[in-house]
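The values are calculated or read from the model by the stated rules, or taken from the named source; none is laboratory data. Treat the numbers as computed from the prediction; the structure is a model and nothing was measured. Positions of Cβ are backbone-derived with ideal geometry, glycine not excepted, and every protein chain shown enters the neighbour counts.
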Amino acid sequence: MPSSPEVVSLRSLAPTVYVPAAVYGLGQGAAAPVIALTARDLGASVPLAGLMVALWGLGQVLGDLPAGRFVGRVGERIAIVAASVVGGVGVLLALVAPHVGVLAVGLVLTGLANAVWGLARMSYLSEAVPLARRAQAMSLFGGAMRLGFFVGPLLGAAVIVAVGTQGGFVVQLVAIVMSGALMARLPDPPSRRAVSVDAVQRLGQVVAQHRRLLVTLGTGSLLMGAARAARDAVLPLWGDHLGLEAATVSLVFGLGALVDVVCSYPAGWLMDRHGRAWVAVPSLVLMAVAYLGLPLATGLTGFVVAALVLGVGNGLGNGVIMTLGADTAPPGTRAEFLAAWRLTHDLGFLAGPLGIAGAAATAPLLAAPLSMAAVAGGGAVLMARYIPRYAVTPVRHRPLDRPVPVVPES
């Protein structure tokens, strides 16, 4: 491992960062379209099935702040290996669940593992990659996850045909074990600090110091998380509403993930070249348009079009939340700040499916995508307003040794 982050190339990160990310994403992609469908097979109502999708997000929310202390104490490599063990147990419970209660426990455990994975990867790349290529590194990581998310539903569809709806969880279990084994070779950054005994107090101080950023730009992050996570609930439930088979829905998920992958590197290049808002705002606008159009989908063709537009919108936003977190993280308390920053986005991951479940319980199903269109639109407004205030300016417009122009907190 080089001693300075400036000499780390993106290519050198492939075997220990990007390949494991793709494998991990493969597992998530295989499982995402079958969560709601598995819940339905176990006798859950449509609102309860939407709630099951939200439990992934609940696990992440519960795990975000503890993950900051855990990663800071043991390092990225050990944290990811431990998270893989917890995630594997969670997927195994979901796979063998005899009723929705066991499925719920498994999904929460998987979300806890996702929280540690997410914080560790963001912290590592923030330190290992120079500022000039930060957005590209983060977007490539998001792209690797999305590549897995593309392959996962395709592989999951084949396993579903062989073993039934829960075949998606079989793929996820294997993927978590493989990615954990690959990430075990990840070296910790030389600058990693051990967390002191006052970590809890310091975390509270970090949140208080940056409360304005977390309330403003953090709310935009939350709304983006909600719009993204709602896709995992809305598309399967709308496919079920149209009478599509589980394998068909999984294949459509795969097509949406394919355009995610295609958009990843251009998104990173645009962020490094022109600024973070150039991808964050169009990403949310496209998702809003797709959600508005989903109620017009009355057959497979319209369903595919909506999934593709959602995929483009999500793909444009690949890496933007991680990049914004790295931009605004104070070097002395990086892990603690990133834990709080990830919490804003993961609260959205919880709120999105919960909103879908609530809409499905109290109104016709078409209310769900329409409400998410409003959420995505609100996120676009906040990102356009606050990214220029807090994030870095385009690298080509300033010397690399000039301080990042972040507005001080008051």
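Quick look at the values:
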item: Candidates 44, 32, 104, 49, filtered to the one that is modelled with pLDDT under 90 and surrounded by fewer than 24 Cβ atoms within 10 Å (Cβ to Cβ); result: 44
item: Among the residues listed as 192, 273, the single one being at pLDDT below 80 and surrounded by fewer than 21 Cβ atoms within 10 Å (Cβ to Cβ); result: 192
item: Test: residue in segment 76-98 that is in contact with a helix residue (DSSP H, G or I) (Cβ under 8 Å, 6 or more places away or on another chain), modelled with pLDDT under 85 and not acidic (Asp, Glu); result: yes
item: Residue pairs meeting the criteria (Cβ under 6 Å; at least 6 apart or on separate chains; first touching a residue at least 60 places away in the same chain (Cβ under 8 Å) and at negative phi, in segment 252-277; second crowded, with 23+ Cβ neighbours inside 10 Å and not in a helix (DSSP H, G or I)); result: 264/318; 267/318; 268/319; 276/391
item: Test: residue in segment 78-91 that is touching an Asp or Glu at 6+ places or on another chain (Cβ under 7 Å) and assigned to a helix (DSSP H, G or I); result: no
item: Residue among 155, 93 that alone is out of contact with any strand residue (DSSP E or B) (no Cβ under 8 Å at 6 or more places or on another chain) and touching a residue at least 24 places away in the same chain (Cβ under 8 Å); result: 155
item: Residue that is surrounded by fewer than 20 Cβ atoms within 10 Å (Cβ to Cβ), in a helix (DSSP H, G or I) and in contact with a Leu (Cβ under 8 Å, 6 or more places away or on another chain), where the choices are 137, 175, 132, 157; result: 132
item: Test: residue in segment 235-248 that is within 27 Å of residue 135 (Cα to Cα), of a type outside the set (Lys, Arg) and in contact with a Leu (Cβ under 8 Å, 6 or more places away or on another chain); result: no
item: Those residues of segment 195-225 which are at pLDDT below 65 and not charged (D, E, K, R), in sequence order; result: 195, 196, 197, 199, 200, 201
item: Residue check, residue 358 over 27 Å from residue 121 (Cβ atoms), surrounded by fewer than 24 Cβ atoms within 10 Å (Cβ to Cβ) and in contact with a helix residue (DSSP H, G or I) (Cβ under 7 Å, 6 or more places away or on another chain); result: no
item: Residue tally, condition closer than 12 Å to residue 149 by Cβ and at pLDDT 80 or above, over segment 243-257; result: 2
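So that you can scan it fast, the table gives a plain yes or no per residue for (1) assigned to a helix (DSSP H, G or I); (2) closer than 18 Å to residue 390 by Cβ; (3) not hydroxyl-bearing (Ser, Thr, Tyr):
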residue: 312; (1), (2), (3): yes, no, yes
residue: 323; (1), (2), (3): yes, yes, no
residue: 336; (1), (2), (3): yes, yes, yes
residue: 341; (1), (2), (3): yes, yes, yes
